[in-house]
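One structure is given here, and the rest of the page talks about it.
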Amino acid sequence: MQMIRAIIRPGTESKVVECLEKEGCIPLTKMEVFGRGKQKGIHTAEMHYDELQKTMLMIVVADEHKDKVIETIMASAHTGKYGDGRIFVSPVEEAYTIRTGESGL
């Protein structure tokens, strides 16, 4: 199993989730987060925004679905501008359903 964390623009969230659903990736967790990338926020002549609002999607998938989920997020969240986001992937050793006690996905 793999944990995919995608930090994306809030404006692309609906499109990304819809595209993931079309690929059969229904379970996910969404969170409103704040952060900054390599550019250290946004700097204008009048204002400096150190941290920007983003949406983080957390998705646990079977190993064989990892690449398709990443491709789907990359394609649907892409605008070509700074701040499109990042995707982080890490292994998940175990997962449990609290209600039933079952392990796995």
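The values are calculated or read from the model by the stated rules, or taken from the named source; none is laboratory data. What you see is a predicted model; the values in this text were computed from it and never measured. Heads up, the Cβs are rebuilt from the backbone with ideal geometry, glycines too, and the neighbour counts pull from every protein chain shown.
Brief remarks follow.
One line per residue, one yes/no per condition, for (1) small (Gly, Ala, Ser); (2) at pLDDT 90 or above:
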| site | (1), (2) |
| --- | --- |
| Ala6 | yes, yes |
| Arg9 | no, yes |
| Leu20 | no, yes |
| Lys30 | no, yes |
| Gly41 | yes, no |
| Met47 | no, no |
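- With respect to the conditions (1) out of contact with any Cys (no Cβ under 8 Å at 6 or more places or on another chain); (2) closer than 22 Å to Ile26 by Cβ; (3) of a type in the set (Val, Ile, Thr); (4) touching a residue at least 60 places away in the same chain (Cβ under 8 Å), Thr79 falls short on a single one, namely (2).
- Scope region 49-61; condition at pLDDT below 95 and either loosely packed, with under 11 Cβ neighbours inside 10 Å or part of a strand (DSSP E or B) (or both); matching residues: Tyr49, Leu52, Gln53
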